[in-house]
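The values are calculated or read from the model by the stated rules, or taken from the named source; none is laboratory data. Everything numeric here is computed off the predicted structure, so don't read it as measured data. Here the Cβ positions follow ideal geometry from the backbone for every residue, glycine too, while neighbour counts run over all protein chains shown. Just the protein is used for accessible areas: all its heavy atoms, side chains included, with ligands, DNA and RNA removed. Shrake-Rupley method; radii C 1.70, N 1.55, O 1.52, S 1.80 Å.
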Amino acid sequence: MKKLLTLAVLMALASPATVPLYAHHGRGATYDMKKQVTLKGTVSRVEWRNPHVLIYMDVKGPDGTLVTWGFENAGVSQLAQEGYNRNTLKVGQEITAIVNPAANGAPTAIVVKVILADGKEIMSRDAGQNPVN
Amino acid sequence: MRRFTLIALVLSLGALAHAQDDKSKFKARYDANAGDKKFDPHDLSGIWTLTKNDHSLGTPAPPLTPAGEAARAGRVVDTGAANGNAPWYTCNPMGFPRLMNDDEPMEFITLPNRVLQVFQWEHRIRMLWMDGRALPSGENLENLGPAWYGHSVAKWNGNTLVVNTVGLDERAWLDNAGNPKSFHARIEETWRRVDSNTLELQLTLHDPEYYTAPYVGSKKIYKRMPADATTYFGWYGLFAGITEGICAPMNEVDVYNKFRDAGRAQPSGR
């Protein structure tokens, strides 16, 4: 009983402040929020839909193999409120994406920020402008 | 059963501890409204957003009755490791009052005989009748049956809009802690426009079937959002209004949940 309660207390207090645990769409242990990876490549697909916009990009690995990564973003309403739209990123556009990768090593992730070819940072969670809940 | 109550209470407190004032991105914009001193306290019109996200009534729930414990059984709450089995993960309605305590904006529309609430998430309408009809009770309530958002009547008491809602569908969770509410529960909510920029809301759940005492919620604050903080699909500042936050299973269940679960370290509770 004591162990169960201790576990419950730990679970209740363990959620990181930057990503609300109690949101529309719980993620649990989907992403490794302590790890960031940098993806350089070209946009291959943008699914501008709720509950979360999904952006896919082709990334060439060190051995030349092409891997398609997908990363989730905020919802359509939240991104629109920040001034982004479904043509902000276009298929074929070169971008750099900083992401928290999947916990199990799959090529999926959640956005930290996107850097455009001219260095402009958009859709940034770092800047506190993108609550991906 | 006592063990589940204690754990649910601890998780509820955890949720409260993590209630976040994460609307800071709009703060400068809604603070900009503060100079607008003129307002009609009986006009709630506008688009409003909660200043804190906590997805609950904002206070710890009173102990459940044995029937309440039974109603709560099988509900798995979210943890740091995995999702629970809340109905909204599969696009079922959040129901009242859970939707009211959600993250996204809500619009009040005032009509002669009723007030409408339009919620961005679910793109949902709630009708608060003010045409003098009685709150359904007895055989009338039994005949009407349950509704995800219940049956609501409202009236002004001075400058406070008092809304009572009955006939709620028991399958909808009261909050993220999985607390229940019975079909025979009544929820009283009070709304007060304290200035041009601010609404105060307070909810009390009266449900002797499932709770050993009335569940009195905390006072919640909504702030009025200006047009340029709401925008429809990227027409930034040009086509402002509540957006279409529909939870479509062909987006949420067939695509998003699968995308998310592909990277999950542990399987989901669903």
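Could you please tell me which pairs satisfy a Cβ distance under 8 Å, a separation of 6+ or placement on different chains, a first residue in region B:130-159 that is within 16 Å of B:VAL115 (Cβ to Cβ), and a second residue that is in a strand (DSSP E or B) and aromatic (Phe, Trp, Tyr)?
So the pair list comes out as B:SER152/B:TRP129; B:VAL153/B:TRP129; B:ALA154/B:TRP129.
Of all residues in region B:83-104, count the ones that are open to solvent by 30 Å² or more (accessible area, probe 1.4 Å) and in a helix (DSSP H, G or I).
1
Run down B:VAL194, B:VAL163 and say which single residue is modelled with pLDDT under 95 and among the β-branched types (Val, Ile, Thr).
Every option except B:VAL194 fails the conditions.
Output the number of the condition that B:TYR211 fails; it satisfies all remaining conditions of (1) over 17 Å from B:PHE96 (Cβ atoms); (2) touching a residue at least 60 places away in the same chain (Cβ under 8 Å).
Status for B:TYR211: all satisfied but (1).
Being surrounded by 19 or more Cβ atoms within 10 Å (Cβ to Cβ) and more than 15 Å from the chain's Cα centre (by Cα) is the filter here, so list the residues in region B:187-196 that pass it.
Matches in region B:187-196: B:ARG193 only.
Considering only region B:136-161, state which residues are within 24 Å of B:PRO41 (Cα to Cα) and in contact with a strand residue (DSSP E or B) (Cβ under 7 Å, 6 or more places away or on another chain).
Scanning region B:136-161 gives B:SER152, B:VAL153, B:ALA154, B:LYS155, B:ASN159, B:THR160, B:LEU161.
Just give me the residues in region B:197-242 being at pLDDT below 75 and exposed (fewer than 15 other Cβ atoms within 10 Å of the Cβ), in sequence order.
B:ALA227, B:ASP228, B:TRP235, B:GLY237, B:LEU238, B:PHE239 - these are the residues of region B:197-242 that are at pLDDT below 75 and exposed (fewer than 15 other Cβ atoms within 10 Å of the Cβ).
Among A:VAL91, A:VAL114, A:VAL132, A:VAL99, which is the only one that is outside any strand (DSSP E or B), at pLDDT 95 or above and within 15 Å of A:ILE55 (Cα to Cα)?
One residue alone meets the criteria, A:VAL91.
If I ask for residues that are open to solvent by 50 Å² or more (accessible area, probe 1.4 Å) and of a type in the set (Phe, Trp, Tyr), which ones from region B:105-150 would you list?
B:TRP129, B:TRP148
Only residues that are under 15 Å from the mean Cα position of the chain (by Cα) and either modelled with pLDDT under 95 or open to solvent by 60 Å² or more (accessible area, probe 1.4 Å) (or both): list them for region A:54-69, please.
Once the filter is applied, which keeps residues that are under 15 Å from the mean Cα position of the chain (by Cα) and either modelled with pLDDT under 95 or open to solvent by 60 Å² or more (accessible area, probe 1.4 Å) (or both), region A:54-69 yields only A:THR68.
Looking at region A:86-105, can you tell me whether even one residue there is within 11 Å of another protein chain (Cβ to nearest Cβ), free of Cβ contacts under 8 Å to residues at least 40 places away in the same chain and of a type in the set (Ser, Thr, Tyr)?
Among the residues of region A:86-105, at least one is within 11 Å of another protein chain (Cβ to nearest Cβ), free of Cβ contacts under 8 Å to residues at least 40 places away in the same chain and of a type in the set (Ser, Thr, Tyr), which makes the answer yes.
Among the residues of region A:23-71, write down those that are of a type outside the set (S, T, N, Q) and within 24 Å of B:ASN101 (Cα to Cα).
Listed by number, the residues that qualify are A:ALA23, A:HIS24, A:HIS25, A:GLY26, A:ARG27, A:GLY28, A:ARG49, A:PRO51, A:HIS52, A:VAL53.
Going by what's in this entry, would A:GLU72 be described as of a type in the set (D, E, K, R), buried (at least 21 other Cβ atoms within 10 Å of the Cβ) and either more than 7 Å from chain B (Cβ to nearest Cβ) or within 29 Å of B:GLN120 (Cβ to Cβ) (or both)?
yes
Restricted to region B:159-177, and to residues that are surrounded by 18 or more Cβ atoms within 10 Å (Cβ to Cβ) and hydrophobic (A, V, I, L, M, F, W, C), which residue is farthest from the chain's Cα centre (by Cα)?
B:LEU161
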